[in-house]
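Accompanying notes for the structure given below.
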Amino acid sequence: MHTRNVLAPAVALAALIGLLFAAPASALASAARTSGSTTTASAPNAASGTGWVRLAHLSPDTAGVDIQLTALTGGKVVESLTDVVYGQVSNYLALPQGTYVVSMASTGQSMTTPVIQTSINITAGQPITVAAYGKNADVRSVVFTDDLTAPGTGQSRVRVVQASTSIPTVNIATTTGVVVAAGAAEGTATPYANVPAGDWMLELTSASGASGASNSSSASTAEVSLAPGSVSTLFVLDNASGGVTVTAVTDASSVGDLPTGGIQTGGGATGVHVAHAPSGFLTVPSELTAQRAR
């Protein structure tokens, strides 16, 4: 990974990403190895009658689960995932437009007693992310609408999904003090915005403590890398120490035509074509290192 000094583009980042966090978009209520997962695509072609869905486990105290995706009409199982754990996000799966049922049960248990069961609509040309979110006692399904529109030259497009349950709202700033997000609410996704590509060191803090004051005790620092031409989602997650961290998942890795029937994941010779269900998932750490030597 190439590194860069965050001081130079910090002001530009703040200006551009200010639009991103000005008005976080509420997630639509309705549901895994994570991150660094990449999908090479331009805006999908709606004329194909195909949409895309990926699945995420964002419930921190819910153990491993099996997930099943079934067509509402006919009941055909179109995808089965096993032992999906917290923080994991699947590759995109291409599906004909229509209504599907997402069921999630504890690993090894019958789908007749799911932890979550919800219906989703696949729309031609539209990618979505379906997540199990929240503490186990009130875990629910959330659907986020994804946008794979390519950014400008030398730019990347990014949004934030505030999936932490340990703090209701989170602030994100560069380690140089430039505010990236203020008061991003749990269970929501911000709009996308173009930002300069590069490596960024981010500091995350609770937007308010019990008394409403800034809670610096939950601060954590993470590094994210945004490649030129990429579209990414920054997932804010709980970590083992009671704080929060950021995992960057690349929604689209470069500009290009959408492959017929699916999205190309990965890059170069290591890419895996996902026209149907992937047998596995791309894995990223549940926590990022606080600081990397430069």
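For the stretch 154-169, backbone phi angles converted through the Karplus equation (6.51, -1.76, 1.60; θ = phi - 60°) give residue-by-residue couplings of x, 10, 9, 10, 8, 9, 10, 10, 7, 9, 6, 9, 7, 9, x, 9 Hz, Gly and Pro being listed as x. The residues 199, 138, 147, 238, when put in order of fewest to most other Cβ atoms within 10 Å, stand as 138, 147, 199, 238.
Here residue 221 and residue 71 are evaluated by their C-beta separation; at R0 = 45 Å the FRET efficiency comes out at 0.55.
Projecting label points 7 angstrom from Cα along Cα→Cβ for residue 119 and residue 182 puts them 4.3 nm apart. Our coupling estimate for the stretch 52-60, obtained by passing each phi through the Karplus curve with A = 6.51, B = -1.76, C = 1.60 and θ = phi - 60°, is 9, 9, 10, 10, 9, 9, 10, 10, x Hz, Gly and Pro reported as x. The 3J(HN,Hα) values that the Karplus relation (6.51, -1.76, 1.60; θ = phi - 60°) gives for the stretch 132-140 are, in residue order, 8, 10, x, 5, 4, 5, 9, 4, 9 Hz. Gly and Pro appear as x. Spin-label model, residue 240/residue 107: points 7 Å from Cα along the beta carbon direction are separated by 1.6 nm. Under 5 Å from the amide H of residue 183 lie the amide H atoms of 170, 171, 172, each residue being 5 or more positions distant or on a separate chain, with H modelled from the backbone and absent for Pro and chain starts. Panel order for 104, 201, by other beta carbons found within 10 Å of each beta carbon, from fewest to most: 201, 104.
Read-outs throughout are calculated quantities, based only on the coordinates presented, and are distinct from any laboratory measurement. Keep in mind it's a predicted model, so treat the numbers as computed, not measured. Quick reminder, even Gly has a Cβ in these numbers, built from the backbone with ideal geometry, and neighbours come from all protein chains shown.
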